[in-house]
1. Tell me, which residue of the stretch 110-169 that is closer than 23 Å to residue 466 by Cβ and either in contact with a Lys or Arg (Cβ under 6 Å, 6 or more places away or on another chain) or among the β-branched types (Val, Ile, Thr) (or both) is modelled with the lowest pLDDT?
2. Let me spell it out: the conditions are (1) among the hydrophobic types (A, V, I, L, M, F, W, C); (2) within 24 Å of the chain's Cα centre (by Cα); (3) surrounded by 17 or more Cβ atoms within 10 Å (Cβ to Cβ), and residue 216 meets all of them except one. Which number is the exception?
3. If residue 199 satisfies every condition in (1) farther than 23 Å from residue 153 by Cβ; (2) under 24 Å from the mean Cα position of the chain (by Cα) but one, which is the exception?
4. Can you name every residue in the stretch 223-238 that is touching a residue at least 12 places away in the same chain (Cβ under 8 Å) and part of a helix (DSSP H, G or I)?
5. Can you find even one residue in the stretch 300-313 that is over 24 Å from residue 458 (Cα atoms), in contact with a Lys or Arg (Cβ under 7 Å, 6 or more places away or on another chain) and surrounded by fewer than 24 Cβ atoms within 10 Å (Cβ to Cβ)?
6. Given the criteria surrounded by 16 or more Cβ atoms within 10 Å (Cβ to Cβ), over 30 Å from residue 385 (Cβ atoms), touching a residue at least 24 places away in the same chain (Cβ under 8 Å) and not hydroxyl-bearing (Ser, Thr, Tyr), does residue 114 qualify?
7. When you scan the stretch 144-215 for helices (runs of 4 or more DSSP H) that lie fully inside it, which ones turn up with 3 or more residues that are touching a residue at least 24 places away in the same chain (Cβ under 8 Å) and of a type in the set (Val, Ile, Thr)?
8. Taking the criterion of being in a loop (DSSP other than H, G, I, E, B), touching a strand residue (DSSP E or B) at 6+ places or on another chain (Cβ under 8 Å) and of a type in the set (Gly, Ala, Ser), would at least one residue in the stretch 53-74 satisfy it?
Amino acid sequence: MSEAATRLIVGPFNRVEGDLEVRLEMEDGVVTAAFVNATLFRGFERILEGRDPSDALVIAPRICGICSVSQSHAAALALAGVMGIAPARNGQIAANITLATENLADHLTHFHLFFMPDFARGPYRDRPWFDRAEARFAALRGASVRPMMQTRALLLHVMGLIAGHWPHTLAIQPGGFSRGVDARDKIKLLAILSGVRAALEERLFGTALERVAALADPEELSAWRMHGPEGDFRLFLEIAADLHLETLGRAYDRFLCYGAYPGGGADGAPLYPSGLFAHGLEHPLDLEAIAEDHTYARMENRGLMHPPFMGSTSPDGADEQGYSWCKAPRLSNEPCETGALARQVMDGQPLVRALVARAGGNVFSRVIARLLEVARVLIQMETWTKALEPGAPWCVPAGTIGTGRAVGLTEAARGALGHWLRVENGRIAGYQIIAPTTWNFSPRDARGLPGPLERALIGAPVQSGETTPVSVQHIVRSFDPCMACTVH
């Protein structure tokens with residue numbers, strides 16, 4: 001290192017789910033290398049080994065309290081695959097509504113409680129928008145915080161009505177859904193969604209959700225910033241333009257999506273398709289090309305790639321080479337970014353495609369994709385709810401499981417989530433989970449290639465005297481990490 005080179009440990013981070021630490025190497029006020037450390041190992045994959053396969057429906061969701069439905073959904077899909085059954089149509093729709101409820105609740109929490117409060121802090125006191133940002137987003141007291149948390153609470157009433165409770169509902173089953181709704185419940189669900197829509201249209205966007213969902217060109221965002229309806233969205237656009245957030249936090253521009261909300265789109269297709277979007281081109285998803293690297297994880301069995309069906313989770317407490325409990329998943333030996341940005345890019349949403357073509361995946365495009373998804377998915381939830389058929393079947397009876405294997409793929413708020421299940425003689429012989437933040441916050445691999453966040457942090461500016469650089473916080477939070485799921 002030169003005389004101007006320094007090192008800095010940032011963490012533990014506040015306002016992220018779980019425990020996170022980042023080691024930065026800097027030179028002349030710019031990050032030159034980053035090493036992301038998931039500091040807590042939990043071992044849920046090992047807990048599941050040897051158990052009855054159906055135990056996964058109870059144990060896997062307890063990996064995390066805010067992502068429990070996505071874990072439940074992935075487990076149910078894996079079990080359905082081993083059983084060779086397809087869910088009842090009502091059950092599939094109900095599962096999609098339940099998962100969408102959790103994902104939207106997470107998006108609202110992220111924007112209002114995790115991401116935006118950073119702009120109401122001292123380092124930005126001299127910016128022309130600071131007083132408005134502080135008034136709206138200051139932690140615990142911002143004018144937008146309490147109303148949006150009330151909106152989130154209203155949204156979560158969907159869980160109580162359709163899924164019984166949240167978190168850790170057992171309503172999602174391999175064959176569909178364990179409970180149904182009647183005509184009165186449908187009316188209640190639509191009333192809840194109508195209330196959520198009204199709140200978002202009044203404060204977050206200042207206009208109809210359909211207008212937000214129809215955004216197709218970056219110039220429309222510029223016009224919105226200058227003359228659009230008042231709301232949290234417009235203020236974010238002003239802040240992002242002033243701070244040039246589009247130049248911050250670019251990773252590899254390889255976006256992975258497993259396909260979101262099965263049967264929720266046209267003609268029985270997922271609402272958002274699966275695949276890889278890399279450097280402007282779409283590619284089909286090749287599950288056989290996924291493997292995990294342990295080189296810099298604190299895990300045994302280094303020196304080879306681990307396909308999930310044959311993967312292992314054996315901690316190496318004496319290891320001095322690894323710097324994270326997180327493994328390094330790779331697709332065709334390459335790191336991938338996942339999340340709302342990947343979903344919207346794979347779906348061909350024109351605004352997001354244009355933003356990625358212009359400046360790749362970055363702090364600005366990740367937040368824009370997440371907010372667009374709020375509008376698009378809530379509209380779809382209304383359509384799904386109307387499609388429920390009281391009196392029709394909700395669940396196909398589960399079959400027995402002797403020996404077999406299957407993968408359950410879903411999309412959590414933070415991105416691609418997969419459960420790889422292997423059953424032998426009626427017992428779980430192997431269970432491997434690759435969570436979204438495992439992809440995004442992975443350590444280096446055998447080639448020394450950084451994970452997506454590690455790559456995104458390179459080039460981040462660090463001001464003199466900063467011990468927790470604001471640029472680093474913006475980049476980290478733009479991925480909306482869930483560290484509890486990362487090392488499950």
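1. Of everything passing the filter in the stretch 110-169, 114 is modelled with the lowest pLDDT.
2. (3)
3. Against the list (1) farther than 23 Å from residue 153 by Cβ; (2) under 24 Å from the mean Cα position of the chain (by Cα), residue 199 comes up short only on (1).
4. Correct list: 224, 225, 232, 233, 234, 235, 236, 237, 238.
5. Let us first name the residues in the stretch 300-313 that are over 24 Å from residue 458 (Cα atoms), namely 300-313.
From the residues that got through so far, the ones that are in contact with a Lys or Arg (Cβ under 7 Å, 6 or more places away or on another chain) too are 309, 313.
Within this subset, residues satisfying the condition of being surrounded by fewer than 24 Cβ atoms within 10 Å (Cβ to Cβ) are 309.
Yes, that holds for at least one residue.
6. no
7. On the way: elements: 145-158, 183-199, 209-213.
Fully inside the stretch 144-215 and qualifying: 145-158.
8. Taking the stretch 53-74 first, the residues in a loop (DSSP other than H, G, I, E, B) are 64-67.
If we keep only those that are touching a strand residue (DSSP E or B) at 6+ places or on another chain (Cβ under 8 Å) too, we end up with 64, 66-67.
Keeping just the survivors that are of a type in the set (Gly, Ala, Ser) gives none.
No, every residue in the stretch 53-74 fails to be in a loop (DSSP other than H, G, I, E, B), touching a strand residue (DSSP E or B) at 6+ places or on another chain (Cβ under 8 Å) and of a type in the set (Gly, Ala, Ser).
The values are calculated or read from the model by the stated rules, or taken from the named source; none is laboratory data. Not measured: the values here are computed from a predicted model. Here the Cβ is made from the backbone with ideal geometry for all residues, glycine too, and neighbour counts use every protein chain on show.
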